[in-house]
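S.K.: Supplied in structure tokens, the structure appears directly below.
The values are calculated or read from the model by the stated rules, or taken from the named source; none is laboratory data. All values reported here derive from a predicted model rather than from experimental measurement. So basically every Cβ, Gly included, is an ideal-geometry build from the backbone, and we count neighbours across all protein chains shown. Calculation scope for accessible area: heavy atoms of the full protein, side chains included, ligands and nucleic acids excluded. Shrake-Rupley method; radii C 1.70, N 1.55, O 1.52, S 1.80 Å.
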Amino acid sequence: MSSSKTYCDSRREVFTAQFENLDDIRVFVGDAARDSGLESAQIYAVQLAVDEASSNIIEHAYGGESLELIECTCVVVPGSLTVTLKDCGHHFDPSEVDDPDLTSDIEQRQPGGLGLYFMRQLMDEVSFTIVPGDGDVKECNILTMVKRKEGRG
């Protein structure tokens, strides 16, 4: 009888909500994606999705650069990466975001609204949850994105 071991690695890093930290966030998730066995194009997709999400957190959740925090957790298993971004900024409800108009001439489209669309196109799963605040603890947004190696579930 052969025994099968499943490798799992969880990494957590906290960054201040500043655009200069986007490179460090990309490196952090890129390393985790490589360690999970994702291919180069998939690693790039993960980095692009996380970059978009982090930029949106800085811009929209925190209203611009600040010393507020973005907590990034990567769970690495062979052939799969789960990235969770947590911020305690302005509440975000993805159901309030209209699907982007991809059919009109670019001059007639409303600006913005493509970030969530791109994240969903780049990743296999994208979900949002809100952690309610309690007393002195702020309400927080949790974005979870999963990327699987091609050919796997």
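S.K.: Among the residues of segment 5-39, count how many are assigned to a strand (DSSP E or B) and open to solvent by 30 Å² or more (accessible area, probe 1.4 Å).
M.R.: So the answer is 7.
S.K.: Just to verify a result, which residue in segment 99-119, among those that are in contact with a helix residue (DSSP H, G or I) (Cβ under 9 Å, 6 or more places away or on another chain) and either at pLDDT 80 or above or open to solvent by less than 60 Å² (accessible area, probe 1.4 Å) (or both), is farthest from Ala45 (Cα to Cα)?
M.R.: Pro100
S.K.: If I filter segment 135-146 for residues that are exposed (fewer than 10 other Cβ atoms within 10 Å of the Cβ) and either closer than 18 Å to Val83 by Cβ or at pLDDT 65 or above (or both), do I get at least one hit?
M.R.: The answer is yes; a qualifying residue exists.
S.K.: Any residue at all in segment 40-61 that is part of a loop (DSSP other than H, G, I, E, B), in contact with a Ser or Thr (Cβ under 9 Å, 6 or more places away or on another chain) and open to solvent by less than 20 Å² (accessible area, probe 1.4 Å)?
M.R.: Looking for residues that are part of a loop (DSSP other than H, G, I, E, B), in contact with a Ser or Thr (Cβ under 9 Å, 6 or more places away or on another chain) and open to solvent by less than 20 Å² (accessible area, probe 1.4 Å), one finds none in segment 40-61, hence no.
S.K.: Would it be correct to say that Ile70 is aliphatic (A, V, I, L, M), touching a Leu at 6+ places or on another chain (Cβ under 7 Å) and open to solvent by less than 40 Å² (accessible area, probe 1.4 Å)?
M.R.: yes
S.K.: Which numbered condition in (1) more than 30 Å from Tyr7 (Cα to Cα); (2) modelled with pLDDT under 95; (3) in contact with a Phe, Trp or Tyr (Cβ under 8 Å, 6 or more places away or on another chain) is the only one that Glu96 fails?
M.R.: So Glu96 meets the others, but not (3).
S.K.: Taking segment 119-152, which residues are assigned to a loop (DSSP other than H, G, I, E, B) and on the phi < 0 side of the Ramachandran plot?
M.R.: Of everything in segment 119-152, those that are assigned to a loop (DSSP other than H, G, I, E, B) and on the phi < 0 side of the Ramachandran plot turn out to be Met123, Asp124, Pro132, Gly133, Asp136, Lys138, Glu139, Lys149, Glu150, Arg152.
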